[in-house]
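Everything on this sheet refers to the single structure shown next.
The values are calculated or read from the model by the stated rules, or taken from the named source; none is laboratory data. Because the structure is a prediction, the values reported are computed rather than measured. So basically every Cβ, Gly included, is an ideal-geometry build from the backbone, and we count neighbours across all protein chains shown. For accessibility, only protein heavy atoms count, side chains too; no ligands or nucleic acids. Shrake-Rupley method; radii C 1.70, N 1.55, O 1.52, S 1.80 Å.
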Amino acid sequence: MKGKQNSLCPRSKTRVEQTDDAISPVVGIMLLIVVTVIIAAMVAAFAGGLSATQEKAPSTVLSVEISASNADDMVKITSMSGEELPTKDMKIVTTYIVPEKNGDTKVTEANVGKVIKHTIDGTLDIKDNQVKTDVDGYPFTPQTTIPKDRVAGPILSQGVGSYFGTNVMKAGQTIQISRLEFLGFNVKERTKYGFGEGAVVHVTITHIPSNKVIYDKDVIATW
């Protein structure tokens with residue numbers, strides 16, 4: 001009897017070891033599944049929190065007009081329709097590439113093909129944040145400014161002395177900004193920079209709180 005019991009022990013031990021070896025991978029897989037589910041839940045919660053707190057851009061339709069005329073040095077931005085748009089929430093980036101000619105007049109050869117990029121930021125303080133013509137590399141050194149010009153047109157109903165960054169655009173209202181303040185260079189120096197009728201300026205307007213682009217077009221200057 002004792003001999004029989006001893007002969008069974010090795011086989012019994014082998015069965016136990018085989019069972020343990022089979023359980024270990026199953027436990028590992030279950031742990032991986034649990035960890036994956038937890039991570040997925042955390043990512044979903046984080047994404048949901050971001051979407052809940054991110055500000056939505058207003059559905060505002062804008063129009064931009066740039067005059068090349070000596071008699072009219074203002075750029076007009078009009079809210080054609082849609083929701084109110086605080087100018088403090090606007091970032092305007094203009095990009096202009098100096099052409100070879102302005103009409104029949106050749107442009108300064110050293111400037112041809114150079115890019116003039118300028119940014120208007122409605123969050124800035126008007127003090128000491130205007131275009132500086134004495135900086136190194138002007139006007140090819142990008143500047144970030146805020147217009148000092150008073151707004152004009154229907155928006156004046158909000159009060160005389162209302163500046164970009166303090167007023168709110170409503171449907172049908174227009175703000176006007178001088179070309180120097182809008183483009184970042186003196187367009188009357190036509191021989192240097194070649195700005196004239198038909199000049200192309202790329203204008204991008206971003207809603208700062210949501211970081212959404214609400215206007216992104218090439219604007220052709222008219223006389």
*Restricting the search to segment 175-223, which residues are open to solvent by 30 Å² or more (accessible area, probe 1.4 Å), in contact with a strand residue (DSSP E or B) (Cβ under 9 Å, 6 or more places away or on another chain) and charged (D, E, K, R)?*
ARG190, GLU197, LYS212, ASP216, LYS217, ASP218
*Any idea how many residues of segment 96-118 are buried (at least 17 other Cβ atoms within 10 Å of the Cβ) and in a strand (DSSP E or B)?*
5
*Among the residues of segment 119-138, which ones are in a strand (DSSP E or B) and not aliphatic (A, V, I, L, M)?*
THR119, ASP121
*asked:* I want to confirm something. Restricting to segment 65-81 and keeping residues that are more than 20 Å from the chain's Cα centre (by Cα) and among the small types (Gly, Ala, Ser), which single residue is surrounded by the most Cβ atoms within 10 Å (Cβ to Cβ)?
replied: ALA68
*strands (runs of 3 or more DSSP E) contained in segment 169-223 and holding at least 1 residues touching a Gly at 6+ places or on another chain (Cβ under 8 Å) and under 11 Å from ILE77 (Cα atoms)*: 174-178
*asked:* Given the criteria modelled with pLDDT of 95 or more and assigned to a loop (DSSP other than H, G, I, E, B), does THR141 qualify?
replied: yes
